[in-house]
1. Would you call ALA273 surrounded by 24 or more Cβ atoms within 10 Å (Cβ to Cβ), part of a helix (DSSP H, G or I) and more than 21 Å from the chain's Cα centre (by Cα)?
2. Of all residues in segment 169-202, which are within 16 Å of the ligand (Cβ to nearest atom) and of a type in the set (A, V, I, L, M, F, W, C)?
3. Would you be able to tell me the number of residues in segment 244-253 that are surrounded by fewer than 22 Cβ atoms within 10 Å (Cβ to Cβ) and in a strand (DSSP E or B)?
4. What pairs can you find where one residue is in segment 103-114 and β-branched (Val, Ile, Thr), the other is outside any helix (DSSP H, G or I), and their Cβ atoms are less than 7 Å apart, with a gap of 6+ or different chains?
5. Grab the strands (runs of 3 or more DSSP E) fully contained in segment 37-113, keeping just those with 3 or more residues being under 29 Å from VAL211 (Cα atoms) and touching a helix residue (DSSP H, G or I) at 6+ places or on another chain (Cβ under 6 Å).
6. When you go through ALA318, ALA274, ALA296 one by one, which is the residue that is out of contact with any Ser or Thr (no Cβ under 9 Å at 6 or more places or on another chain) and more than 30 Å from ARG2 (Cα to Cα)?
7. Looking at this structure, is ALA81 surrounded by fewer than 16 Cβ atoms within 10 Å (Cβ to Cβ) and either among the charged types (D, E, K, R) or more than 30 Å from GLU135 (Cβ to Cβ) (or both)?
8. Scan segment 196-254 residue by residue and report those that are without any contact (Cβ under 8 Å) to a residue 60 or more places away in the chain and among the hydrophobic types (A, V, I, L, M, F, W, C).
Amino acid sequence: MRVGVIGATGAVGKELVAVLAKRHFPVTELRLFASTRSAGTKQSTPWGDVAIEAYSPDGARNLDLALLAVSGDFAKAHARALAAQGVAVVDNSSALRLEDDVPLVVPEVNEAAIGSHRLIANPNCTTAILVVALEPLRQAFGLKRVIVSTYQAASGAGAEGMAELERETRRVLVDGQPAQNEVFAHPLAFNVIPQIDSFQPNGYTREEMKVAWESRKIMGMPDLLISCTAVRIPTYRVHAEAVTIETERPVTPEAAREVLSRAKGVRVVDEPAAQRYPMPITATGQDDVEAGRIRANPVFGDRGLDFFLCGDQLLKGAALNAVQIAEKLRK
Ligand code: 2RA
């Protein structure tokens, strides 16, 4: 397939190229698009050095597949037109995720939603990591309520987020100066920030609402009761999520562990006695979402469960999920 990665120089764009290679996606021609600033430079890829092009609808006309890792404005302006030209499009932005005619897909959960669609939205990273674990639990025990608190890495804000964390940390440790922020609302080094994206009229942030809106759509549960508190922490990579659920039917930690150990896209890491549980340091670079700290939640009696997830948000939360969708589109 003639594959175009649009936003190729960003953190997700680079992962997209790496995941295409790792999963042996049948690329006959790889084209990389980015801003005019990067156009003309070369990026080294498993398919050799590829010159970065400035995007133009005409230039992209011959693609079979376009993987978009750019802004929502770009997606609004170009995604539908590309799909109408016959290009299969997977969009990483939030612009089209809630549109009725655009499936929002995590293949382990709702692959069937792809149908004959040619334009598919890739969910927010925090949502994708959550629903791969929620869906098998829902199937086994039913799902009534979900409460999530997240611990999100700097790379959720792209390469700039990682660079800011590194710069700030050096400034504090090496220069002995206070951290200075530009990307995040406050210094992230040696801090946690309970704000990701803008505040909504209901007091939640947009990131928190995305988790609710998108989980409901992907799981086909428009009335699911779900609340999220999203927090940025000073790690490079991997989003962690502390999850509490109330189930429809009785659940035990043993039964939940069994269900999750059979679930696609999940790896149970849950040996408290050996101090083994999900952590960013072990989940980094891994395709599967780690699930552990699985225990009964006494607030909800025999229908309550607590657990902890760690997922590489540049992989399952972005590039890997997008390429998995592309693999399904190929079929
Ligand atoms: C973040 N989830 O971590 C957002 C980006 N997709 O900032």
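The values are calculated or read from the model by the stated rules, or taken from the named source; none is laboratory data. Keep in mind it's a predicted model, so treat the numbers as computed, not measured. Backbone-built Cβ (ideal geometry, glycine too); neighbour counts: all protein chains shown.
1. Working: surrounded by 24 or more Cβ atoms within 10 Å (Cβ to Cβ): no; part of a helix (DSSP H, G or I): yes; more than 21 Å from the chain's Cα centre (by Cα): yes.
When the stated conditions are applied, ALA273 does not pass them.
2. To start, the set of residues in segment 169-202 that are within 16 Å of the ligand (Cβ to nearest atom) comprises 181-186, 188, 191-200.
Passing the criteria: VAL183, PHE184, ALA185, LEU188, VAL192, ILE193, ILE196, PHE199.
3. Final tally of qualifying residues: 2.
4. Listed by first residue and then by second, the contacts come to VAL105/ILE120; VAL106/PRO123; ILE114/PRO103; ILE114/VAL105; ILE114/ILE120.
5. On the way: elements: 42-45, 48-54, 65-68, 88-91.
Of the strands (runs of 3 or more DSSP E) lying wholly inside segment 37-113, those with at least 3 residues that are under 29 Å from VAL211 (Cα atoms) and touching a helix residue (DSSP H, G or I) at 6+ places or on another chain (Cβ under 6 Å) span 65-68, 88-91.
6. On the way: ALA318 fails: more than 30 Å from ARG2 (Cα to Cα); ALA296 fails: out of contact with any Ser or Thr (no Cβ under 9 Å at 6 or more places or on another chain).
None of the other options fit; the residue is ALA274.
7. When the stated conditions are applied, ALA81 passes them.
8. Within segment 196-254, ILE196, PHE199, MET209, ALA212 meet the criteria.
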